Amino acid sequence: MDIKQIYLVSPRGFCAGVKRAVGIVEAVLKKYGAPIYIRHHIVHNVHVVKGFESQGVIFIEELEKVPDKSVVVFSSHGSPPSLYTMAKKKNLILYDATCPLVIKVHLEAKRYAMMGYFIIYIGQKNHPEAIGVLGEVSKESIVLIERIEDLDKARIPKNKKKIILTQTTLSFDDTKILVEQIQKKYPLVILPPVFDICFSTQNRQNAVKALARKTKTIIVIGSKASSNSNKLRYVAEKEGAKAYLIDDETDINIKWFKNIESVGITAGASAPEQLVKRVTAFFSGDQTIIKDIETIRETVAFPFPKSI
Ligand code: SF4
């Protein structure tokens, strides 16, 4: 392997919602000590999850299994209302790490359903964010669409007003195409005032496009379960690059880099910067030039809940 040039693109790595979620867990651990429970992986990154497990955090999927009166954090992806009801019943001390931009979509779903709209929700089946939003309204008021073929099969009432909402971490370009196809079929369908794919997702996808203009070999640091990391790999490949999604440098196969002289590195919104350093060090030799590419500077930070 003879990598002469490494391009490090930004924005990359932790977004404002992930920084807040990780910060909430750190603060709750400090306040109460272990064990604390987290419903679902706080963010979809194996290193973050293992790091918290080593400090006594217990990750669970079923809230029923948590002992009454325990300290619980809900993950950044959002949770359906039924879980908040259960938390109350079990007298749990609850901290909610749901990203404010996911909460925005929950509120839109509730508001538009109350106004009599039918919601066409573009998202990934079984993703916790989609499950959370679908749980906000009656089954008769919403349908989940992953691809255009789902639209033909979906039972969408003809005589109801319609709105499109989306998961926050989808491919911006693909979602735009899907929205246009839905608009062709339902010309009166509306979109919320601010598109639901979040700014961090859009910024990272724009950054990886810029990276693909510099090099055709791209490493995306992120876990397989991370929707936005998968989309970064996908966007890079759509831009003509060969892209690899890895958790860390131990996933790298040096055969991928035969006759390759430059590599671009980015990281999904849930991947810690420490991993970028490790992967960069893996590729660096005495002669390697490391170049930063910044496409936009992110300055948004979300406040913590007042109780911590
Ligand atoms: S990717 Fe976007 S919606 Fe998801 S946690 Fe980050 S800022 Fe929030």
What are the aspartates and glutamates whose alpha-carbon lies under 15 Å from the alpha-carbon of residue 158, with same-chain residues fewer than 8 places away excluded?
-> 140
For the chain, what is the mean residue ellipticity at 222 nm derived from helices alone (per DSSP H run of n ≥ 4: -39500 (n - 2.57); sum divided by total residues; nearest 500 deg cm²/dmol)?
-> -11500 deg cm²/dmol
Expressed to two decimals, the stretch 173-308 has a Cα Rg over Rh, using the Kirkwood radius, of 1.05
Using alpha-carbon positions, the gyration tensor of the chain gives root eigenvalues a ≥ b ≥ c; with a/c under 1.5 called rounded, otherwise prolate if a/b exceeds b/c, else oblate, the class is oblate
Leaving out ligands and nucleic acids, note down the accessible area per residue over the stretch 51-170 with a 1.4 angstrom probe, in whole Å².
-> 48
Residue pairs, from the table 110/160; 161/238; 19/139; 224/255; 31/306; 242/291, whose Cα atoms sit over 23 Å apart = 161/238; 19/139
Pull out a ≥ b ≥ c, the square roots of the eigenvalues of the alpha-carbon gyration tensor of the stretch 1-134, then state rounded if a/c is under 1.5, prolate if not and a/b is larger than b/c, and oblate in the remaining case.
-> oblate
Hey, any idea what % of the chain's accessible area is carbon plus sulfur with a 1.4 Å probe?
-> 54
Let me know the shape class of the stretch 30-92, please: from the alpha-carbon gyration tensor, a ≥ b ≥ c as square roots of the eigenvalues, rounded when a/c is under 1.5, otherwise prolate if a/b is greater than b/c, or oblate.
-> oblate
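The values are calculated or read from the model by the stated rules, or taken from the named source; none is laboratory data. These numbers come from a predicted model, not from an experiment. We work out accessible area using only protein heavy atoms, side chains counted, and drop any ligands, DNA or RNA first. Shrake-Rupley method; radii C 1.70, N 1.55, O 1.52, S 1.80 Å.
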